[in-house]
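The structure appears below as structure tokens.
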């Protein structure tokens, strides 16, 4: 068996284990089943889930069987771990839609048809939904000493806050996740649970429950939480969360997030999020350090991750969009794609009829878009060759813009200089 423990160690993916001595030996003896949980709080996974996804992927590459668990039941409760306040409860319909959105994304990272170590997706609602309240208290709850539960960080931290507190619902979350581990051990032979460092209390609760209920020994491994070098949460931008769904975060926006990553975070992210080996990563970083201005490390990271999350087609779209933003001619794109590329660019809405009856004078277009203050300024700019329509140089001040000048169904892209853009939307 490949040494998965050593692989995770050099990549910086081991925070804590429940048995530092036995776990490496156990994982090298034969294939094992391992699981990590993902609560369906949205209809897409996001950058914050990437570490868990990549750890499961690495276990499968080393010959083990990964079990991604979607928390259809636990998602109805909300994990208090690492949360300063209680999550809003989702409806059953919303949870089902979220589960349906997450499953195809898991298949990007894991192989579900590769023999004995094929991945299998499970939903804990399939077994938790059959429990009655009294039955669960009798069969599971009686094995949880409250004094032990109160020592868990996820519980203690919230109880110490008088302004928030902890509901009985959230307090019960630990029991549900613990029983998941017991169930997966019994029905799937799962011996190892993976999770972020904030999951330590839940993982050890499951190990303790398995010992009390079934007399079996299970194991846990946690990885560091995903943060930037400055301590802030990774995967957040001014416009919000960076999602793995192309509908919520376009391939271009996803690609650009990694292109714009701080130099201090590049090496760690290459180790965490790519299949590149140690020697290749060291070569990429050496080249990057020799000329940081080219952002070679960020580009390689963006290429590898965008290909993994969005496929070759998504990567091609992202790279083409990047070239467009830096001046390539614009063609064969739709409104949605252009809106993603130029999400932070000022836009102005004009009535569609302005493109009919002889068209919109180009001078007026640049003034309307806010790229020029006066018609005189616009004329001088166009005459000097500094004005562009859809990244094509405007050849004269007498041009009348018509529907054929649109870059997509309703958008026209205007530019002055190298990267001073504005959009006109004709509706």
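The values are calculated or read from the model by the stated rules, or taken from the named source; none is laboratory data. Predicted, not measured: the structure shown is a model, and the values here were computed from it. In this analysis, Cβ positions are derived from the backbone assuming ideal geometry, glycine residues included, and neighbour counts consider all displayed protein chains.
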Check: Which fully enclosed helices (runs of 4 or more DSSP H) of region 84-152 have 1 or more residues being touching a strand residue (DSSP E or B) at 6+ places or on another chain (Cβ under 7 Å)?
Finding: 92-109
Next item on the list: May I ask you to list the residues in region 24-46 that are surrounded by fewer than 23 Cβ atoms within 10 Å (Cβ to Cβ) and part of a helix (DSSP H, G or I)?
Entry: 24, 25, 26, 28, 29
Check: So which residues in region 237-262 are within 25 Å of residue 14 (Cβ to Cβ) and without any contact (Cβ under 8 Å) to a residue 60 or more places away in the chain?
Finding: 258, 261, 262
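Just to be sure before I move on: is residue 419 touching a strand residue (DSSP E or B) at 6+ places or on another chain (Cβ under 9 Å) and outside the structural domain of residue 249 (by TED's automatic domain parsing) in the structure I sent? Break it down stepwise before answering.
Details: touching a strand residue (DSSP E or B) at 6+ places or on another chain (Cβ under 9 Å): no; outside the structural domain of residue 249 (by TED's automatic domain parsing): yes.
So residue 419 does not fit the description; no.
Would region 350-360 turn up any residue that is outside the structural domain of residue 248 (by TED's automatic domain parsing), buried (at least 16 other Cβ atoms within 10 Å of the Cβ) and free of Cβ contacts under 8 Å to residues at least 60 places away in the same chain?
Start the filter on region 350-360 by keeping residues that are outside the structural domain of residue 248 (by TED's automatic domain parsing), which leaves 350-360.
Filter again for buried (at least 16 other Cβ atoms within 10 Å of the Cβ), leaving 350, 354-355, 359-360.
Now restrict to residues that are free of Cβ contacts under 8 Å to residues at least 60 places away in the same chain: 359-360.
Within region 350-360, one or more residues are outside the structural domain of residue 248 (by TED's automatic domain parsing), buried (at least 16 other Cβ atoms within 10 Å of the Cβ) and free of Cβ contacts under 8 Å to residues at least 60 places away in the same chain.
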Note to self: Scan region 318-326 and tell me whether some residue there is under 17 Å from the mean Cα position of the chain (by Cα) and surrounded by 14 or more Cβ atoms within 10 Å (Cβ to Cβ).
What the structure shows: yes
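Report yes if residue 180 is assigned by TED's automatic domain parsing to the domain that holds residue 37, more than 28 Å from residue 6 (Cβ to Cβ) and more than 19 Å from the chain's Cα centre (by Cα), otherwise no. Steps first, please.
Numbers: assigned by TED's automatic domain parsing to the domain that holds residue 37: yes; more than 28 Å from residue 6 (Cβ to Cβ): yes; more than 19 Å from the chain's Cα centre (by Cα): yes.
Taking the combined requirement at face value, the residue satisfies it.
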Checklist line | Any hit, region 120-134, residues being surrounded by 12 or more Cβ atoms within 10 Å (Cβ to Cβ), in the same structural domain as residue 13 (by TED's automatic domain parsing) and within 25 Å of residue 16 (Cβ to Cβ) | finding: yes
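Of everything in region 205-217, what is surrounded by fewer than 20 Cβ atoms within 10 Å (Cβ to Cβ), assigned to a helix (DSSP H, G or I) and touching a residue at least 24 places away in the same chain (Cβ under 8 Å)? Give them in sequence order. Walk me through how you get there before you give the answer.
Narrowing region 205-217 to residues surrounded by fewer than 20 Cβ atoms within 10 Å (Cβ to Cβ): 208, 211-217.
Of the ones still in play, those that are also assigned to a helix (DSSP H, G or I) are 208, 211-214.
Those that are surrounded by fewer than 20 Cβ atoms within 10 Å (Cβ to Cβ), assigned to a helix (DSSP H, G or I) and touching a residue at least 24 places away in the same chain (Cβ under 8 Å): 208, 212, 213, 214.
Is it fair to say residue 19 is in a loop (DSSP other than H, G, I, E, B), over 23 Å from the mean Cα position of the chain (by Cα), over 12 Å from residue 223 (Cα atoms) and in contact (Cβ under 8 Å) with a residue 40 or more places away in the chain? Quick ask: steps written out before the conclusion?
Numbers: in a loop (DSSP other than H, G, I, E, B): yes; over 23 Å from the mean Cα position of the chain (by Cα): yes; over 12 Å from residue 223 (Cα atoms): yes; in contact (Cβ under 8 Å) with a residue 40 or more places away in the chain: yes.
Yes, satisfied.
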Check: Of the residues that sit in region 247-282 and are buried (at least 21 other Cβ atoms within 10 Å of the Cβ) and in a loop (DSSP other than H, G, I, E, B), which one is nearest to the chain's Cα centre (by Cα)?
Finding: 249
